[in-house]
Amino acid sequence: MRPEQTPKKFPKKSLEQLQFDNVYLGLPAEFYDYRSPVALKNPRLLSVSESTAELLELRPDQWRRSDWVALLGGERLLAGMAPAAMCYAGHQFGHYVPRLGDGRALLLGQVKTSRGARWDLHLKGSGPTLYSRGGDGRAVLRSSIREYLCSEAMHGLGIATTRALCLIGSDEPVYREQCESAAMVVRVAQSHIRFGSFEYCYYNGQHDSLRRLADYVIDHHYPELAAAENRFEALLLRVAERTAALIAQWQGVGFAHGVMNSDNMSILGLTLDYGPFGFLDTYEAGHQCNQSDHQGRYAFHKQPEIGLFNISCLAQAMVPLLSNDKKEAVARATSSFDTYRTAYQRQHEAVIRAKLGLLDVRAGDVALWDSLLALMEKRVDFTRFFRALSRFDRHDSGANRALQEMFGDGEGFDSWAKAYARRLAQEQSDDEARCRRMNRVNPKYVLRNYLAEAAIRQAEDEADSSEVNRLLALLRRPYDEQPALAHYADSPPPSARSVTVSCSS
Ligand code: AMP
Ligand code: MG
């Protein structure tokens with residue numbers, strides 16, 4: 001690196017040196033409700049993500065402070081914090097709900113870094129708010145561990161997501177199907193604004209607030225769109241593109257979100273609100289990770305289409321901003337559907353070519369992919385297969401026995417393998433270079449439910465968060481081999497295949 005390219009070094013800070021600068025609170029009053037967090041009984045720090053702490057420029061000695069939990073778990077506030085619950089609405093399972101909002105979370109403040117970035121500190125599990133709708137405002141330990149680990153795992157995979165700074169456990173009982181203990185996660189993102197934030201203004205007829213919100217999002221998150229001829233249309237189209245790209249990436253790693261309600265869709269195209277999510281073990285197109293989703297609305301293969309539904313919710317909410325002429329406004333809003341479809345198609349093709357190790361673009365590639373997935377259906381582990389495919393030998397079919405064995409009878413795979421070998425020959429693919437490329441996009445490790453479950457059991461039954469920390473470290477580098485931890489890449493043992501996850505959290 002040449003001297004002029006050396007990144008400027010910024011001093012690391014103590015918690016007290018963080019500069020809080022909450023521009024979200026400059027929005028009209030209907031967007032939030034000031035509210036103090038309610039600390040948990042006997043709170044304790046279970047884990048810290050050092051890489052998220054680095055984003056905030058925190059000094060490593062800070063999370064070893066005895067008052068860390070008090071300052072981030074809502075018992076005391078740092079100077080400059082002004083906690084508020086964010087208001088939004090949203091389509092839940094296809095039905096509009098006029099007021100949702102942070103029912104169990106608070107925006108503690110926004111930290112401004114020396115690099116000029118601004119990060120929301122969002123405390124989840126912080127007690128009731130104006131938007132709790134009768135809920136207790138708490139989050140259970142198991143769902144907090146899942147959100148904490150998956151946020152960091154997605155980041156490790158290179159997929160846009162809210163981050164997690166730390167996980168706080170407690171002795172506070174909370175009642176779901178049974179008595180559990182409450183926990184908190186401090187989330188970090190450039191914004192927690194959702195599609196549902198726009199819907200809230202639109203359906204309440206608050207068009208001035210809607211405009212203020214759209215301008216806020218452009219000013220702070222999409223400044224390059226400020227000069228566009230129609231900046232609100234440009235915003236809608238950009239969000240459609242980002243959402244499509246995000247969902248194409250989810251499909252590529254076998255991630256099912258589980259609750260793709262429009263209030264869980266980030267205006268920045270981040271993976272947001274981890275609930276009953278799941279990574280595919282055995283490939284199954286219609287896999288439903290959320291046991292509460294009786295209709296299968298959010299099944300794995302429906303996600304791209306649900307992304308479009310959510311874009312249509314956002315587009316509808318933005319109609320008043322797009323033109324004074326109603327017909328023209330609607331035409332602009334609906335043009336986002338094509339933008340989404342085209343972006344999804346493009347990203348999906350890029351993802352599948354990368355997963356197959358293909359460099360050229362050829363007409364039969366999508367069909368090759370689709371025929372592979374049809375063969376894998378209910379038979380083959382998604383993550384393990386693609387990781388193993390990097391070792392495919394295009395010259396010697398006998399060397400591909402291990403792959404063939406993953407399919408049981410192997411017959412269907414043999415003819416697919418011949419087609420794949422022919423396709424690789426067309427671009428004179430070099431096996432070694434292809435292997436290296438494929439291992440950078442086909443992860444070895446993902447947060448399978450049974451792995452998360454083991455970490456949860458240990459934390460719940462033995463008050464021991466070492467497995468949480470082991471997974472956190474493992475999943476930070478999901479594309480690296482990490483031989484000592486190779487067993488974390490195993491498919492679930494038969495006893496763990498029945499792990500189910502519901503909306504209860
Ligand atoms: P989620 O499914 O976690 O995205 O939550 C949907 C809505 O319900 C959001 O407005 C949450 O803030 C709210 N909510 C979920 N659980 C609780 C709870 N235990 N107490 C209060 N509000 C909750
Ligand atoms: Mg939510």
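Just so it is clear, none of the values below were taken in a lab; they were calculated from the coordinates. Worth saying up front: this structure is predicted, and the values here are computed from it rather than measured. Neighbour counts run over all protein chains shown; Cβ positions are idealised from the backbone, glycine included.
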*Mind checking the angle between helix 207-221 and the chain's longest principal axis? C-alpha axes, 0 to 90 degrees, to the nearest 10.*
60 degrees
_Point-to-point label distance, Asp136-Arg391, nm (Cα→Cβ direction, 7 Å offset)_ = 4.8 nm
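Report the full-extension gain for the segment Gln17 to Arg176: residue separation times 0.36 nm, less the Cα-Cα distance, to one decimal in nm. It would help to have the intermediate numbers written out before the result.
On the way: separation 159, 0.36 × 159 = 57.24 nm, distance 3.90 nm.
Once the chain is fully extended between Gln17 and Arg176, it gains 53.3 nm.
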_So the label point goes 7 Å from the Cα of Arg362 along Cα→C-beta, right? Which residues of region 398-418 then have their backbone N under 17 Å from it?_
415-418
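DSSP loop (so not H, G, I, E, B), at most 14 other Cβ within 10 Å: list which GluC sites (Glu not before Pro) in region 90-198 pass both filters. Intermediate values should be presented prior to the final figure.
Numbers: sites: Glu147, Glu152, Glu177, Glu180; in loops: Glu177.
Listed in order of number, the matching sites are Glu177.
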_What FRET efficiency comes out for His220 versus Arg99 if R0 is 25 angstrom and r is the Cβ-Cβ distance? Round to the nearest 0.05._
0.55
_Potential lengthening between Trp68 and Ser292 on full extension [0.36 nm per residue; Cα-Cα distance subtracted]_ = 77.0 nm
*region 360-428 - convex hull of alpha carbons, volume per residue in Å³*: 85 Å³
*Distance in nm between pseudo-label sites at Thr342 and Thr113 (7 Å out along the Cβ direction from Cα)*: 3.4 nm
*When we measure straight from the Cα of Lys355, which lysines land under 19 angstrom away, once same-chain ones fewer than 8 places off are left out?*
Lys418, Lys444
*Highest first, please rank the peptides 188-201, 242-255, 457-470 by the mean number of other Cβ atoms sitting within 10 Å of their residues.*
188-201, 242-255, 457-470
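Treating the beta-carbon of each Lys and Arg as +1 and of each Asp and Glu as -1, no other charges, what is the dipole magnitude of the chain about its Cα centre, to the nearest 20 debye?
Values: 62 positive and 62 negative charges, 145 e Å.
Computed about the Cα centre, the dipole is about 700 debye.
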*So if R0 is 45 Å, what FRET efficiency would Ala425 and His487 give, r being the distance between their Cβ atoms, rounded to the nearest 0.05?*
0.80
*Once both labels are modelled 7 Å past Cα along the beta-carbon direction, what's the Asp61-Phe309 spacing in nm?*
5.3 nm
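In nm, what is the difference between 0.36 nm times the number of residues separating His301 and Glu50 and their Cα-Cα distance? All intermediate terms of the calculation are to be shown ahead of the outcome.
On the way: separation 251, 0.36 × 251 = 90.36 nm, distance 3.43 nm.
Taking 0.36 nm per residue and subtracting the Cα distance, the gain is 86.9 nm.
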*Computed over region 384-458, the ratio Rg/Rh where both radii use C-alpha atoms and Rh is Kirkwood*: 1.10
*Give the Cα extents of the chain along the principal axes, in whole Å, largest first.*
66, 62, 58
*On Cα atoms only, tilt of 411-426 relative to the major axis of the chain in degrees*: 80 degrees
*Square roots of five times the Cα gyration tensor eigenvalues for region 3-192, Å*: 27, 20, 17
